[in-house]
Structures are given as structure tokens and as C-alpha cells.
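Remarks on the structure that follows.
The values are calculated or read from the model by the stated rules, or taken from the named source; none is laboratory data. As the structure is a computational prediction, the values presented were derived from the model and not from experiment. Glycine gets a Cβ as well: all are built from the backbone with ideal geometry, and neighbour counts include every protein chain shown. SASA here: full protein model, heavy atoms, side chains in, ligands and nucleic acids out. Shrake-Rupley method; radii C 1.70, N 1.55, O 1.52, S 1.80 Å.
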Amino acid sequence: PKLVYDFAEGNKDMKQLLGGKGANLAEMTNLGLPVPPGFTITADACRAYLESGTVPADLADEIDKHVALLQEKMGKKLGQADDPLLVSVRSGAAVSMPGMMETVLNVGLNDDSVNGLAHQSGNPRFAWDAYRRLIQMFGKTVLGMDGDVFEDAIEAAKQAKGTQNDLDLDADDLKAVVETFKQAVHEHTGREFPQDPRTQMDLAIEAVFGSWNSDRAILYRRQERIAADLGTAVNICSMVFGNLGMDSGTGVAFTRDPSTGHPGVYGDYLQNAQGEDVVAGIRNTVPLADLEQIDKTSYDELMAIMATLEGHYRDLCDIEFTVERGKLWMLQTRVGKRTAAAAFRIATSLIDEGVIDADEALGRVKGAQLAQLMFPRFDADAATDLITKAIGASPGAASGKIVFTSDAAVEAAERGEKVILVRRETNPDDLHGMIAAQGVLTSRGGKTSHAAVVARGMGKTCVCGAEELDVNVAQGTITVHGTVLEAGEVISIDGTTGEVFRGEVPVVPSPVVQYFEGTLAPEAGDELVASVHRLITHADEVRRLGVRTNADTGEDAARARRFGAQGIGLCRTEHMFLGERRESVERLILADTDEERDAALAELEPLQRADFLELLGAMDGLPVTIRLIDPPLHEFLPSMEELAVKVAVARERGEDPGRDATLLAAVQRLHEQNPMLGLRGVRLGLVIPGLFAMQVRAIASAAKELGAKGKDPRPEIMIPLVGAAQELHIARDEVERVLAEVDPGRVIPIGTMIELPRAAVTADQIAEAADFFSFGTNDLTQMTWGFSRDDVESSFFSKYLEKGIFAVSPFESIDREGVGALVRTGVDRGRATKPDLKLGVCGEHGGDPDSIHFFHEAGLDYVSCSPFRIPVARLEAGRAAL
Ligand code: PEP
Ligand code: MG
């Protein structure tokens, strides 16, 4: 296959092959925008390298051809002594991973061509600085040297000169720094800094390939659920310089505000700087609008290009650009990242502007974003001790103790403490600290700084550019207006307003939750709520999947109903046996005689009846699937160890252990090594006479009572953990007998859970005895993989995620190939017997966006999830139907 594409050969739809950056550079090139010429090495080449450890055999030849073409286009040669062609070697994967992989700039400079560049640019200082940057980046990235070696050398040069500022180092100083750098390379690696430009390029390409598997890239992918085997493309792009003087500069721009979604251009610009300087947040930028005064021609051209790009991509774009001596160059664009609130506002604005229709708008917002908008916010009345107000870079309300290093953040999080990571600026090595912290606060850098970009991507609260804060990491203090805050002190940051408060500020519900609760009308003037309302309404119109809730109390049921639930998909009745009722259950399980057992059941029945009255009342007119008891026995019996100790202590003291001894004998008799594989679900119902009958009587009589009051109760009875049709036939017979006794006129559907692999495989037989199926994907995952759902996520899953065995826990998001195949089998075989069999899912996966799309494809009728996930499920069910 072709491994190298000229920018003119690609387009924006080739992201998988050319990476996001390469595909969009190609698109801009073909739109006629000013992109510096270059070419892209495919992600296929990277994957081949990662698999075999060597670059593919044909790659060198293909690169030769494209270098020749580039040299022809540019009228100069790589490393040419009098006027060198210089290139950047940049990573660029199909999915954006900001700052996680490597880049080498100024490739093509050596001891000769640096003089050519000095002459050509008329700026020797610039040329030596460029050479210095090349050796530094090359040393760190390609040769694996410690960055401090270089930082220290620059520091020493500045000290010798008696200055703090890099810009005071002149050409001769930088020439000396280059000499020191070259010696350092020799000392640390035993080889010379390569003078041959093509060797520089080849080594840089390999280093970028290899950076796919750097620690931080692996961590980022796990965090963002990005597949481990995509590989990165590599872009070779002719260099343009934003650091040639004050008529040059570099910037980042958005075609709309990425944090609010409001129209109007937005961005940062930095004069006399390279792109890396902006993202690193090292120097403070000026607002993009200031470029109009600085360089009107470039500004006007940029505005026109931004309009072109928005029109072309029909969405918010973000852009990196450079001005080289008054000439504008586009270095990158893509459909830009945005906050959750901006995603909703932009989607509905674009409908209003006639750019996209409602379906497309719905496709552009995600359930995960809606979930973010449902987080609480600070209570404005309680937020009094304002320290400073800076840039709200990633929304949310976070409180925690101040920590100054990422390691401290991780340590504190491991102790269960909430922390705010406070830094002057962050860099990619801070990723683990950002993950561990509740929020991030920086004193430098704008909305496009590393901290801001990464935090937005993770949905982590971030305030940046808090210049009033003097952050002293070494001393562990923040000084602001004469006040000193120390590590460990609690602060609160508001990522929407940019406010920073001393102490912990209480939070209030988000307006989006108030909207779902029905206490805030969509017309009340909150733009975000209006957008959410429009898109969720559209999702409801287009979705085929019903959305029900998992609820065991009237309160949960009522909330879920306000949030839009169309019934209950799972009421776990064993939850109704906890607390003070536990003793009755204990007596029931341990009963020796029929009398003892019946007495225990008689105690429980009125309590159950009251539960069902409440639940059916709250969901009046909507289906309520009540699952008969499914307790792993160990959850209801006293601990065998504790009892054994009690009995032993009593005997030691010469006392009579009495009832404890009887209890212990019974508990020992019933003890199971693997309770989750033991006497639970339908097995328990078939073994303990009268248990299911008691529950069914409670359900039927509750329905009867409500019916008599003119209500419309719609219970459905569900039998858990069925593996064989015979189990269901026997249970069903008993249920039907009781229903006929209590209320012969009422039809109550009787169904089962499909949560054992055997049930899925024999679903055709099981369907004979079932009016509906509900897939219990928690147990189905546990039983299919042989993963104990109570243990494995906290034991070895992190290793499995690291090794890429799965990108996300199969308990969180459905394993389509394994567990999903069993779901499909259950659907097909069940419907083969009963074409109109009603099918749902009530495992945790019912609220997971990816899984919801799968259940839609598999042809289920509804998903059921916890009350707070209902809006997310409605939205995703709508998106799945597009
Ligand atoms: C399931 O197994 O998916 C299920 C919903 O039942 P539970 O979680 O109660 O075992
Ligand atoms: Mg289950």
C-alpha cells in the first residue's frame, strides 16, 4: 500500500490513514488556503513499525520521492548550505491526543546550513536559536535525553550574561549554547548530533512512531477510551517561522467561543513566537482581536479563512496559524473541541442559521455531555470569599485541598482526599495529576493552554491564566494580594465563571436538572436549557427504543418519571428486604419447619404489599417490571466468621451459646464458596416453598386495590436467573395459580431475565413460557467472561486495560463480540418462537451510550437505567435511530 501522501493527495475523510492533522491539512490545501507544502506518512506505516520494530521496507523510497517533490516546489533543498529547506516532523493520530506524542521542528539545520539560514533571514540570532531548538527537541525526543540537561545549559548561559530573559541571549551566546548542547549529546549518548538532514528526518519519524506508546500517551488513551492499536500518522511540513520578529507571530483561533458556544471569533495571539510557545502557556498571549491593530492584512485574511472553514466544515473549527513577516500560514484546523454547554448551544444555533437540520444537530451532542451538564454548580449566595477571577477554561464546580505537584495530587487522591492541582502551567507530564485532582488551576496561559485543552477533553473543571496568583511551587505557597495560601488549604474553583474562592463553597443543582425536574421552564430564558430541551425533544421524536428506569422506591420512580422514564424496567425486590426486614428473611431462610417458614412469610407479605402500592402508584398507567427476589444468600445471612467467634467465645467462658449455635450450624450448612453462582434467583424460589407465592400475592393484591380505586396499575412479573425452560415453566405455573386466586380478571404479563449464557442459547425454548425477556447484562457479562462482578474491577482490570485486552471495562460498556453476540442470539431465538416477544435490558449497560446504540441495533424494545441516566438514555436512543 501507498505509505506517503502529498498534502494535495488527501482529504478530510482520510483521518484513519492520515490522522486528523494530515487529513485536514490536505483538505485546506485543496481548498486553496495557504498551507506550507508537505506530505503525510500514514498510520499504517506506524502500525507496521510498532509491530515489527523496523520501518516498512518501501518507506524510505517513498519518502525520497516526496522529499524531491517538496524540494522542487520550494526551490531549495533539505539542509542546503546557503538557503536550507527546513521541515517539521509532527505526530497526528486519527483521534486528537493533544500534546501526548512528539514533534521535532527545524529538521534540516546543521553546522553549515545554520549559516545559510542566518544569511537568508538576515537574522543570525534567529538562526542559532532555531538550531538550538532543533538539538534540544531532538535530544529529548529522539535520543531520549533528560530535558533538564538543556534547560540547565540555557540557565547557565543566562546567568553568565546576568539576565533572566532568553531574549537577551544574542547570536554569539546561542552559538555557544549550541556548542554546549552538541557536547551534551555526545556525552550522554556516545554519538554526535547527526549533521545529515535526511538522517535527522528518519530518526525523528521513528521517534514520532514510537511516541504512540509513551507512558503518557497510553494513559491518555485509557482515560479517553481510545483504541491502543491505531498508531499515528506523521506530517512532514515545510517550516514557517513566527519568531522572525515583531512582524511575525503565532496563534490559535476558534470560529466560535468553545466554552459558551456563542458566535464570534475567539482566540489568542503571540507576537514573535513559535506555536509551541502558545500551547505551553509560557508567555501570556493577547486576544486575537488585537491582531487587527498589529497586522490588519493578516487579520482580515484570517477572518475570511475562518468563515470559509466554518462554511466548509459546517461546524466550529479550531485553527493554528503563523504569521511569517506579514504572510499568513495555516498550520492546522479541525472541527474543534468544545465544552458540553457549547456543544448544545452550537448545535441549535446551527439549526437556526440553516446550516444543519435537527437530525444532524442531535448527532452532534452526546449523552456524556448531557451528563456533564447535570452536575451541580456553586451556590452563588454562599460563594463570598473570592480570591481572584481568571479564565473559566473547563466548566464545573470543584473544591479541594491545594496541591502543587501531580505526584502530590495522586498521593492525596489515593488517601481519598479531594485536591485542586495548582500550577503556573501544566505540561503533558501532569496528566496523572490532572486525572487525580477534582480540578486544575493555573496562573498562566489562556483557553488554548495545555491545562485548558486537556481539562476540557477530560471534562475536568479548570480555571487558567490566574495572573494575580503568585504560585511558588518550591515554597508550596500561593500569594495573592498579600494573602498567603499554603498546600493543604481548601479552595473552590468555578470553571464556568473563572472564579476562585477560599474554602469550600456549597453547590446547587444545575439548571438542566431543574429543567428535567420540571422546576425550570424551557422558555424561562436560560439558553442552555432551551437548547437541551429542543434536542431531547427531537431525540424523543426519532427514537425507537423506549426508556424505562431501574427503581425500587416510590421516590426514585417519581423522579425517573419526571425525567421521562416510560415505566420501570427493573424493581429489585431483594432491596426491599434489607434493613429491619432482614431478620424476617433470615428466619425464612433458616426455617426448619413449615410453621416457622409460613410465619416469616406472613410477616413479610404486608410490607411487600405496601412497597408495591407505592411503586405502582408512582408509575400509574406505565409498566412496572417487578423482579421476584434474587438474593445471593450471603447478603442476607449473618457472617459465618462472626457467629463462629461468638459461639467459641461463649463456650470458652463456659456459657451456653444458645440460638447462636443453631444459627451457626444452619449458616454453615447453607454456606457457599461462590454465592453468585449458588442458590439465588429462580433456584431459591423453587427451593423455598411459598416465597414467590408471597411476593406474587403482594403484587396482585396491591394492583387489585389500586384498580378498585380507579387507578391503572400495570405490574409485570419477572423471574430471575433462569437457565432452563423447565425452571420457568414451574415458576410460571405457581405465579399463575396465585394470580388466579387473588384477582382472576387481571392479566399480568410474566417474563424472565436472560442473564445466563444458557438462557440466551435456549431462548427459543424459554420464550414458550415467557411474555417478555429482559437481558440482565450484569450477570450475563459475569457469567460469559467468568469475571466476578464484585471483585475484578478493583483487582486486575487496570492491567487488562493497560495491555489493551479491552479499551473499557465490559461491565461498563457492553462487550459486543462476546456478551453482545449472546444478546443477539437471545433476541433471534426468542423471537423465532414469539415474533412479538417484548425485549428489554436492565443491566447497568442500559444507561451507557455505546451500549444503547448496540441495543438499538440488536432490535430491543427498551433500555432500563438508573433515574439520573434517563435523560442520557433518551438522547442516545434518539442518536442511535439517526
Ligand atoms: C443483571 O444481572 O444485569 C441484573 C440487572 O440483575 P442484578 O444486577 O440485580 O443481578
Ligand atoms: Mg442479575
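In table form, for the structure just shown:
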item	result
Segment 819-840: number of residues that are open to solvent by 60 Å² or more (accessible area, probe 1.4 Å) and either of a type in the set (A, V, I, L, M) or outside any helix (DSSP H, G or I) (or both)	4
Near pairs, Cβ below 9 angstrom, 6+ apart or cross-chain, from segment 544-558 (assigned to a strand (DSSP E or B) and within 16 Å of ligand 1 (Cβ to nearest atom)) to any residue that is open to solvent by 30 Å² or more (accessible area, probe 1.4 Å) and among the aliphatic types (A, V, I, L, M)	ARG548/LEU622
THR825, sole failed condition from (1) away from ligand 1 (no atom under 16 Å from the Cβ); (2) within 19 Å of ILE568 (Cα to Cα)	(2)
Pairs where the first residue, in segment 132-160, is farther than 15 Å from VAL177 by Cβ and the second is in a loop (DSSP other than H, G, I, E, B) and hydrophobic (A, V, I, L, M, F, W, C), C-beta under 9 Å, 6+ apart	LEU143/PHE193
Pairs with Cβ under 8 Å, 6+ apart, first in segment 333-360 and farther than 26 Å from ALA23 by Cβ, second hydrophobic (A, V, I, L, M, F, W, C) and part of a strand (DSSP E or B)	none
Any hit, segment 544-554, residues being open to solvent by 40 Å² or more (accessible area, probe 1.4 Å), more than 29 Å from ARG680 (Cα to Cα) and more than 16 Å from ligand 2 (Cβ to nearest atom)	yes
Subset of segment 42-59 [exposed (fewer than 13 other Cβ atoms within 10 Å of the Cβ), more than 28 Å from the chain's Cα centre (by Cα) and either assigned to a helix (DSSP H, G or I) or of a type outside the set (Gly, Ala, Ser) (or both)]	SER52, THR54
Residue in segment 713-725 that is over 40 Å from the mean Cα position of the chain (by Cα) and under 21 Å from LEU684 (Cα atoms) present	yes
Members of segment 544-568 that are closer than 15 Å to MET718 by Cβ and within 25 Å of the chain's Cα centre (by Cα)	ARG548, THR549, ASN550
Given (1) outside the structural domain of GLY830 (by TED's automatic domain parsing); (2) within 16 Å of ligand 2 (Cβ to nearest atom), index of the condition ALA759 fails	(1)
Verdict on ARG572 being open to solvent by 40 Å² or more (accessible area, probe 1.4 Å) and under 20 Å from GLY846 (Cα atoms)	yes
Residue match in segment 727-747 (condition: in contact (Cβ under 8 Å) with a residue 24 or more places away in the chain, touching a Lys or Arg at 6+ places or on another chain (Cβ under 8 Å) and within 16 Å of ligand 2 (Cβ to nearest atom))	yes
Condition met for ALA769 (open to solvent by 10 Å² or more (accessible area, probe 1.4 Å), more than 16 Å from ligand 2 (Cβ to nearest atom) and among the aliphatic types (A, V, I, L, M))	no
Residue among GLY210, GLY242, GLY267 that is assigned to a strand (DSSP E or B) and either on the phi < 0 side of the Ramachandran plot or touching a strand residue (DSSP E or B) at 6+ places or on another chain (Cβ under 9 Å) (or both)	GLY267
Among the residues listed as LEU684, LEU679, the single one being part of a helix (DSSP H, G or I), within 16 Å of ligand 1 (Cβ to nearest atom) and hydrophobic (A, V, I, L, M, F, W, C)	LEU684
Residues of segment 772-819 that turn out to be within 16 Å of ligand 1 (Cβ to nearest atom) and more than 12 Å from GLU755 (Cα to Cα), as a count	18
When residues of segment 572-602 are limited to those that are outside any helix (DSSP H, G or I) and either under 46 Å from the mean Cα position of the chain (by Cα) or within 16 Å of ligand 2 (Cβ to nearest atom) (or both), the one modelled with the lowest pLDDT	LEU578
Segment 726-757: number of residues that are more than 16 Å from ligand 1 (Cβ to nearest atom) and in contact with an Asp or Glu (Cβ under 6 Å, 6 or more places away or on another chain)	2
ALA767 being within 12 Å of ligand 1 (Cβ to nearest atom) and either under 27 Å from ILE852 (Cα atoms) or touching a residue at least 40 places away in the same chain (Cβ under 8 Å) (or both)	no
Qualifying positions in segment 663-694 - polar (S, T, N, Q) and either within 16 Å of ligand 2 (Cβ to nearest atom) or surrounded by 13 or more Cβ atoms within 10 Å (Cβ to Cβ) (or both)	ASN674
Checking ALA599 against (1) more than 30 Å from ALA358 (Cα to Cα); (2) touching a strand residue (DSSP E or B) at 6+ places or on another chain (Cβ under 7 Å), the condition it does not meet	(2)
Sole exception among (1) surrounded by fewer than 23 Cβ atoms within 10 Å (Cβ to Cβ); (2) within 16 Å of ligand 2 (Cβ to nearest atom) for CYS865, by number	(1)
Some residue of segment 621-635 being under 27 Å from SER774 (Cα atoms), in a helix (DSSP H, G or I) and either basic (Lys, Arg) or touching a residue at least 60 places away in the same chain (Cβ under 8 Å) (or both)	yes
Elements of type strands (runs of 3 or more DSSP E) contained in segment 312-422, each with 2 or more residues being modelled with pLDDT of 95 or more and buried (at least 20 other Cβ atoms within 10 Å of the Cβ)	317-324, 327-335, 397-403
Counted residues, segment 797-812 - those being in a helix (DSSP H, G or I) and either open to solvent by 70 Å² or more (accessible area, probe 1.4 Å) or without any contact (Cβ under 8 Å) to a residue 12 or more places away in the chain (or both)	4
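A quick yes/no check of all residues on (1) within 16 Å of ligand 2 (Cβ to nearest atom); (2) modelled with pLDDT of 90 or more; (3) among the aliphatic types (A, V, I, L, M):
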| residue | (1), (2), (3) |
| --- | --- |
| ALA618 | no, yes, yes |
| GLY621 | no, yes, no |
| LEU628 | yes, yes, yes |
| LEU633 | yes, no, yes |
| VAL649 | no, yes, yes |
| ARG653 | no, yes, no |
| GLY658 | no, no, no |
